[in-house]
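Notes follow the structure.
The values are calculated or read from the model by the stated rules, or taken from the named source; none is laboratory data. What you are looking at is a predicted structure, and each value in this text was computed from that prediction instead of being measured. We place every Cβ from the backbone using ideal geometry, glycine too, and count neighbours over all the protein chains shown.
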Amino acid sequence: MYGKMFSACLYGIEGVMIGVEIDLANGLPQTNIIGLPDSAIREAVERVRAAVKNCGYRYPQQRITINLAPADLRKEGSAFDLAIALGILITSGQLIMPSAQEMLLIGELALDGSLRPVSGVLPMVEAARKSGFKAVLLPQGNAAEAALISGINVYTIDHLQALANAAESVASFGPIIDKLVPLEESEGSLLPFPVSVSMGMGAKEQPPVLVLSVEHLKYNPKYSDSEAASSEANEIMDDYSDVLGQQHVKRALTIAAAGMHNIMLIGPPGTGKTMLIKRLPSILPQLSDSEALEVTKIFSAAGNLKDAHNGLLRSRPFRSPHHTISSAGLIGGGGIPKPGEVSLAHRGILFLDELPEFSRNVLEVLRQPLEDGVVTISRARASFTFPAKFMLAASMNPCSCGFFGSGISQKNCTCSPSRIAQYRAKISGPLLDRIDLQVDVPRPKEWNRQGHVLSSAEMRAEVLAAQAIQAKRYKRLAISWNSELSGASLRKYASLNRESAQILYDILENLGLSMRAHDRIIKLSRTIADLEGAQDISSAHLAEAVQYRNLDRQVLVEE
């Protein structure tokens, strides 16, 4: 006897449809799973066997072969348990499921038959919708996440016994009736029993069968996406009005947020570098619909989507890994690679506090994602590509003791020139070249609240105005921010007049900057012009962009 159900697994951050084929044959009772399963899938045999028996169903005493197709794709996780269990029940004649060929089955089984939620449901359900599936049956704990995908019906089940508990009597087996045939209690457990069914010409005894309907299991989401976005915005408690002074740093942060440019703050301990960067989310715009789906899929695949009841994630991610993180933790990795911190920061901010304290090998792997916006991880069997368009925000001290050039007479720098050079050399030139704004954060001199203090609301208003200009300008392109300009689009939308081009050429010659720095200065100038509502880039915009590349201006340690 042969049966087939459908489940799904993750391949990177994308869902892949998997056919779960069941074959029952005569022979010694045993169950084999083939199709490159991992340990968690092979152990499904014992979970399914116990769950089926403990829910009162019959586990076939036959040779059972379970194939996960396509067979050449390595699979992992426990999401196949439900499909395997229902496949065995259907193939053994204990269950009829009229919509089996149009329904995706996802869920992990406990030994008592209850279902546990699994990770990565959002990309799996999206893949099912694209493949033409009409419905998905999964654990109650994953229902809110699955309901984020429109165009597919979501049904939930919390226990295999729910199939029997919701049963009703039927009068005939004419066309398949979308009802449940009742099970009779026998010695404290629910066991299938023969029933007499009227077929029109006398009675005929039929084998026990459940004809399954899932309409009573339909999930109706009760969240409002607009309310969720509003509640997320209200959760932001930190405000730039809490930061005294540092007006030039706030200006730099506004520019960085307006064009999603990489930024690094350099200054002595206690000047507010971390405080300033941690308030960046308060001035960033909310994610668009397409961006929100991208980000939510990544968090789902990584198992970091804690609460889907409020809808898609709308606030931009802010990731701040510890400096002991490994390359695989930052970029992603594993036998079947999972997203790393750079992908979890997609469309948001990756904050590296005290940048030189990170391993140099870890920092160097940032080059590709900073340039390309994606991460490609190659394995023997396949290559995986994860999105990684993020704003890099970093902070660092000017030296290892932290007080070089601080101007604090009570705390003079104790580092030798060679030690300072060694400390700064932890950040390579190619990586530094990719950071658009390198801003000094001196010790603040304003210790009271006299005068106007720039707030997050004011800075955010400027950022939103600049974003609206960019959205209109790039509406026909696959980019959203000035920092994404390159090649022909950079020459078209950020062109310089002859005077500005000559000024930039002289600056490049005097400072010895690279051509990458040349392009990044132009993109930064385009953002400054957008903040002022200017159509063209002027020499003043160019001059301001150049002044933010402090470390590129070759400030010697001996100074």
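Here are Gly348, Gly373: which of them is in contact (Cβ under 8 Å) with a residue 40 or more places away in the chain, closer than 20 Å to Leu287 by Cα and either among the aliphatic types (A, V, I, L, M) or in contact with a Ser or Thr (Cβ under 9 Å, 6 or more places away or on another chain) (or both)?
Values: Gly373 fails: either among the aliphatic types (A, V, I, L, M) or in contact with a Ser or Thr (Cβ under 9 Å, 6 or more places away or on another chain) (or both).
The conditions single out Gly348.
Among the residues of the stretch 383-423 satisfying the criterion of being under 40 Å from the mean Cα position of the chain (by Cα) and among the basic types (Lys, Arg), which is surrounded by the most Cβ atoms within 10 Å (Cβ to Cβ)?
Applying the filter and picking the extreme gives Lys389.
Could you tell me which numbered condition Ile22 fails, if it satisfies all but one of (1) without any contact (Cβ under 8 Å) to a residue 60 or more places away in the chain; (2) not in a helix (DSSP H, G or I)?
Condition not satisfied by Ile22: (1).
From Leu86, Leu115, Leu104, Leu36, which residue is crowded, with 23+ Cβ neighbours inside 10 Å, without any contact (Cβ under 8 Å) to a residue 60 or more places away in the chain and not hydroxyl-bearing (Ser, Thr, Tyr)? If you could, list the steps in order and put the result at the bottom.
Details: Leu86 fails: without any contact (Cβ under 8 Å) to a residue 60 or more places away in the chain; Leu104 fails: without any contact (Cβ under 8 Å) to a residue 60 or more places away in the chain; Leu36 fails: crowded, with 23+ Cβ neighbours inside 10 Å.
Only one candidate qualifies: Leu115.
Does the stretch 39-59 hold any residues that are in contact with a Gly (Cβ under 9 Å, 6 or more places away or on another chain), surrounded by fewer than 19 Cβ atoms within 10 Å (Cβ to Cβ), at pLDDT 95 or above and within 23 Å of Val121 (Cβ to Cβ), and which are they?
Selection gives nothing.
Taking the stretch 435-453 as the search range and keeping residues that are among the hydrophobic types (A, V, I, L, M, F, W, C) and modelled with pLDDT of 90 or more, which one is farthest from Ser282 (Cα to Cα)?
Restricting attention to the stretch 435-453, the residues satisfying the condition of being among the hydrophobic types (A, V, I, L, M, F, W, C) are 435, 437, 439, 441, 447, 453.
After this cut, where a residue has to be modelled with pLDDT of 90 or more as well, the list is 435, 437, 439, 441.
On the way: Ile435: 21, Leu437: 19, Val439: 20, Val441: 20 Å.
Only one residue tops the list, namely Ile435.
In the stretch 507-520, which residues are among the charged types (D, E, K, R) and either modelled with pLDDT under 90 or under 13 Å from Gln547 (Cβ atoms) (or both)?
Result: Glu509, single match.
Keeping to the stretch 499-555, report how many residues are over 23 Å from Leu253 (Cβ atoms) and among the acidic types (Asp, Glu).
The total comes to 4.
What number of residues within the stretch 124-141 satisfy the criterion of being surrounded by 24 or more Cβ atoms within 10 Å (Cβ to Cβ) and either of a type in the set (Phe, Trp, Tyr) or in contact (Cβ under 8 Å) with a residue 60 or more places away in the chain (or both)?
Total meeting the criteria: 4.
Kindly state which helices (runs of 4 or more DSSP H) lie completely within the stretch 450-559 and contain at least 3 residues that are crowded, with 20+ Cβ neighbours inside 10 Å and free of Cβ contacts under 8 Å to residues at least 12 places away in the same chain.
none
Pull up the stretch 87-116, narrow it to residues that are assigned to a helix (DSSP H, G or I) and not aliphatic (A, V, I, L, M), then point me to the one that is farthest from Asn153 (Cα to Cα).
Out of the qualifying residues, it is Thr91.
Give just the number: which of (1) within 24 Å of Ala256 (Cβ to Cβ); (2) assigned to a helix (DSSP H, G or I) does Ile420 not satisfy?
For Ile420, the failing item is (1).
For every residue, the table says whether it meets (1) part of a helix (DSSP H, G or I); (2) of a type in the set (Ser, Thr, Tyr); (3) within 16 Å of Phe351 (Cβ to Cβ).
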{"residue": "Ser241", "(1), (2), (3)": "yes, yes, no"}
{"residue": "His248", "(1), (2), (3)": "yes, no, no"}
{"residue": "Arg251", "(1), (2), (3)": "yes, no, no"}
{"residue": "Ala256", "(1), (2), (3)": "yes, no, yes"}
{"residue": "His261", "(1), (2), (3)": "no, no, yes"}
{"residue": "Met264", "(1), (2), (3)": "no, no, yes"}
{"residue": "Pro269", "(1), (2), (3)": "no, no, no"}
{"residue": "Met275", "(1), (2), (3)": "yes, no, yes"}
{"residue": "Pro281", "(1), (2), (3)": "yes, no, yes"}
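Can you name the number of the only condition in (1) under 19 Å from Gly12 (Cα atoms); (2) of a type outside the set (Val, Ile, Thr); (3) surrounded by 23 or more Cβ atoms within 10 Å (Cβ to Cβ) that Arg316 fails?
Tallying (1) under 19 Å from Gly12 (Cα atoms); (2) of a type outside the set (Val, Ile, Thr); (3) surrounded by 23 or more Cβ atoms within 10 Å (Cβ to Cβ), Arg316 fails exactly one: (1).
Determine whether the stretch 505-514 contains at least one residue that is closer than 29 Å to Ala468 by Cβ and either out of contact with any Leu (no Cβ under 9 Å at 6 or more places or on another chain) or of a type in the set (Lys, Arg) (or both). Step through it out loud before you land on a result.
Our first condition is that a residue be closer than 29 Å to Ala468 by Cβ; within the stretch 505-514, this holds for none.
Checked against the condition, which is being closer than 29 Å to Ala468 by Cβ and either out of contact with any Leu (no Cβ under 9 Å at 6 or more places or on another chain) or of a type in the set (Lys, Arg) (or both), the stretch 505-514 yields no hits at all.
State which residue pairs qualify: first residue among the small types (Gly, Ala, Ser) and inside the stretch 410-436, second residue crowded, with 16+ Cβ neighbours inside 10 Å in any location, beta carbons under 7 Å apart, and separation of 6 or more residues or different chains.
Once the first residue is among the small types (Gly, Ala, Ser) and sits in the stretch 410-436, its partners that are crowded, with 16+ Cβ neighbours inside 10 Å give Ala421/Val557.
Here are Lys218, Lys250: which of them is modelled with pLDDT of 75 or more, under 18 Å from Gly272 (Cβ atoms) and among the basic types (Lys, Arg)?
Matching residue, one of Lys218, Lys250: Lys250.
Give the residue that is nearest to Arg116 (Cα to Cα), with candidates limited to residues of the stretch 51-83 that are assigned to a helix (DSSP H, G or I) and among the aliphatic types (A, V, I, L, M).
Top of the filtered list is Leu82.
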